[in-house]
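See below for the structure under consideration.
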Amino acid sequence: MIHLSLFEAEYYDKKEGKKVQCVLCPRNCVIQPNSLGNCQARKNIDGKLYALGYNRFTSVHADPIEKKPVYHYKPGTSTMSFGTAGCNLHCAHCQNWNISQISAESNNLIQVTPQNAIEMTRKNRCDTIAYTYNEPLINWEWIRDTGKLAHENNIGNILVSNGLINSKPLEELLPIIDAANVDIKAFTDDFYKEVAGFPGLKYILQNVIKMWSEGVHIELTMLLIPDYNDSPDEIKQFSQWVLNELDENVPIHFSRFYPHYKMQHVKPTPVDTVIEARRIAEEEGLNYVFTGNLPYSEINTTFCLNCGQTLIERVYYNVKIKQLSKIGKCKNCGIQAPIKQ
């Protein structure tokens, strides 16, 4: 039982027999009375849909912004991170499965109102709020309310998401989203269907393009899993899509897979595979390609494209701003870098 006040969800339609249809994401779940949607965060109670994650969280922490990972938006700052429970994908390799694959009905969640979030952000001297850890968009109403309040208090909003949402609710959020890292699980629908549980790639790519076109700072992450999504052809196709649909300066993060959840039988990604993915992406014309879960700090340095000077040096989450001015220009040659301070 939930003892906190329930918050009625947006984006649903009432059906006969007190059924409801959630239209927040492309799953468009038809939910029976007293039942949960696929994401386990939205529940039909007596013919009304409720957002169970509103004000209720599994994870609250101040993080380096680079941990999201976000490298070219407010580099070297901290972000106040909030995650609740549930997800509209069910990835067999999920690293946060203990919160993403549980119901938001759980009683042991932390209560955080939008105003509480602002207070915590200030107390921890963070410049931004990150909606992260599990899939944040299933807690759409809290993001909307907190994000508006954040902007009123000169605090930025960062979305760390799988990108699976319908176009109308996404469009309503865009005015308050400053930066987003979208996790591209793979560049094939077969992977999404077989490993993530829903063939949603086309919706996700459309949403990334929409966010980019509306001025949201975009970064993309792809976790490379041996023999699943790490082929040179797939990396090439993904890189070409970024180049053609977005921009050559969009930061891309290729991360090394380690066995998790239901994919304990899969070996860690060879280091050479991650390095090769970076090489392919750069060869296709992408300028800022980084790697994750590797012990090579020089790979995660941002250089000036014009003169080659180090703008930002990263050693794990230790960040040093080098030749980057406060207005985002290279101190050596004066060229404006594609970095939002």
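Pairs linking a residue in segment 260-277 that is modelled with pLDDT under 95 to a residue that is surrounded by fewer than 16 Cβ atoms within 10 Å (Cβ to Cβ), with Cβ atoms under 6 Å and 6 or more positions apart or on different chains, are HIS260/GLN95. Take ALA179 and tell me if it is in contact (Cβ under 8 Å) with a residue 12 or more places away in the chain, touching a Cys at 6+ places or on another chain (Cβ under 6 Å) and buried (at least 18 other Cβ atoms within 10 Å of the Cβ). Judged against the criteria, ALA179 is not a match. If the condition is being over 14 Å from ALA104 (Cα atoms) and buried (at least 22 other Cβ atoms within 10 Å of the Cβ), then segment 30-65 contributes only ILE65.
Among all positions in segment 140-156, there is at least one residue which is within 26 Å of THR77 (Cα to Cα), in contact with a Gly (Cβ under 8 Å, 6 or more places away or on another chain), in the same structural domain as CYS91 (by TED's automatic domain parsing) and at pLDDT 95 or above.
Report yes if ASP13 is surrounded by fewer than 23 Cβ atoms within 10 Å (Cβ to Cβ), in contact with a strand residue (DSSP E or B) (Cβ under 9 Å, 6 or more places away or on another chain), in a strand (DSSP E or B) and in contact (Cβ under 8 Å) with a residue 60 or more places away in the chain, otherwise no. Before the answer, list the steps.
Details: surrounded by fewer than 23 Cβ atoms within 10 Å (Cβ to Cβ): yes; in contact with a strand residue (DSSP E or B) (Cβ under 9 Å, 6 or more places away or on another chain): yes; in a strand (DSSP E or B): yes; in contact (Cβ under 8 Å) with a residue 60 or more places away in the chain: no.
Considered against the rule, which asks whether it is surrounded by fewer than 23 Cβ atoms within 10 Å (Cβ to Cβ), in contact with a strand residue (DSSP E or B) (Cβ under 9 Å, 6 or more places away or on another chain), in a strand (DSSP E or B) and in contact (Cβ under 8 Å) with a residue 60 or more places away in the chain, ASP13 comes out as no.
Considering only residues that are part of a loop (DSSP other than H, G, I, E, B) and over 13 Å from LEU137 (Cβ atoms), which ones fall in segment 24-36? Correct list: ASN28, CYS29, GLN32, PRO33, ASN34.
Tally up the residues in segment 147-179 that are assigned to a loop (DSSP other than H, G, I, E, B), of a type outside the set (A, V, I, L, M, F, W, C) and over 30 Å from ASP227 (Cβ atoms), please. So that I can check it myself, show each step before the final result.
Initially, segment 147-179 is screened for residues assigned to a loop (DSSP other than H, G, I, E, B), giving 153-155, 162-166, 177-178.
After this cut, where a residue has to be of a type outside the set (A, V, I, L, M, F, W, C) as well, the list is 153-154, 162-163, 166, 178.
Retained after the next criterion (residues that are over 30 Å from ASP227 (Cβ atoms)): 153-154, 166, 178.
Residues flagged as assigned to a loop (DSSP other than H, G, I, E, B), of a type outside the set (A, V, I, L, M, F, W, C) and over 30 Å from ASP227 (Cβ atoms) within segment 147-179 amount to 4.
Go over the candidates VAL195, VAL250, VAL182 one by one and state the one that is in a loop (DSSP other than H, G, I, E, B) and of a type in the set (A, V, I, L, M, F, W, C). Matching residue, one of VAL195, VAL250, VAL182: VAL250.
Restricting attention to segment 320-336, the residues that are free of Cβ contacts under 8 Å to residues at least 60 places away in the same chain and either in the same structural domain as THR77 (by TED's automatic domain parsing) or within 13 Å of TYR73 (Cα to Cα) (or both) add up to 3.
Considering segment 86-113 alone, what residues qualify as being among the small types (Gly, Ala, Ser) and assigned to a helix (DSSP H, G or I)? Reasoning before the result, please.
Of all residues in segment 86-113, those among the small types (Gly, Ala, Ser) come to 86, 92, 100, 103-104, 106.
The one that is among the small types (Gly, Ala, Ser) and assigned to a helix (DSSP H, G or I): SER100.
Restricting attention to segment 114-132, does a residue exist that is in a helix (DSSP H, G or I), under 26 Å from HIS260 (Cα atoms), modelled with pLDDT of 95 or more and under 15 Å from the mean Cα position of the chain (by Cα)? Scanning segment 114-132, I find no residue that is in a helix (DSSP H, G or I), under 26 Å from HIS260 (Cα atoms), modelled with pLDDT of 95 or more and under 15 Å from the mean Cα position of the chain (by Cα), so the answer is no.
For THR273, indicate whether it is on the phi < 0 side of the Ramachandran plot, assigned by TED's automatic domain parsing to the domain that holds ILE177, outside any helix (DSSP H, G or I) and buried (at least 16 other Cβ atoms within 10 Å of the Cβ). Here the answer is no, as THR273 does not meet what is asked. In segment 279-305, the residues that are within 22 Å of TRP241 (Cα to Cα) and surrounded by 16 or more Cβ atoms within 10 Å (Cβ to Cβ) form Cβ pairs under 6 Å with partners that are at pLDDT below 95 and aliphatic (A, V, I, L, M), at six or more places apart or across chains, as follows: THR291/ILE299.
The values are calculated or read from the model by the stated rules, or taken from the named source; none is laboratory data. This is a predicted model, so every value here is computed, not measured. Every residue, glycine among them, receives a Cβ derived from its backbone with ideal geometry; neighbour counts consider all protein chains shown.
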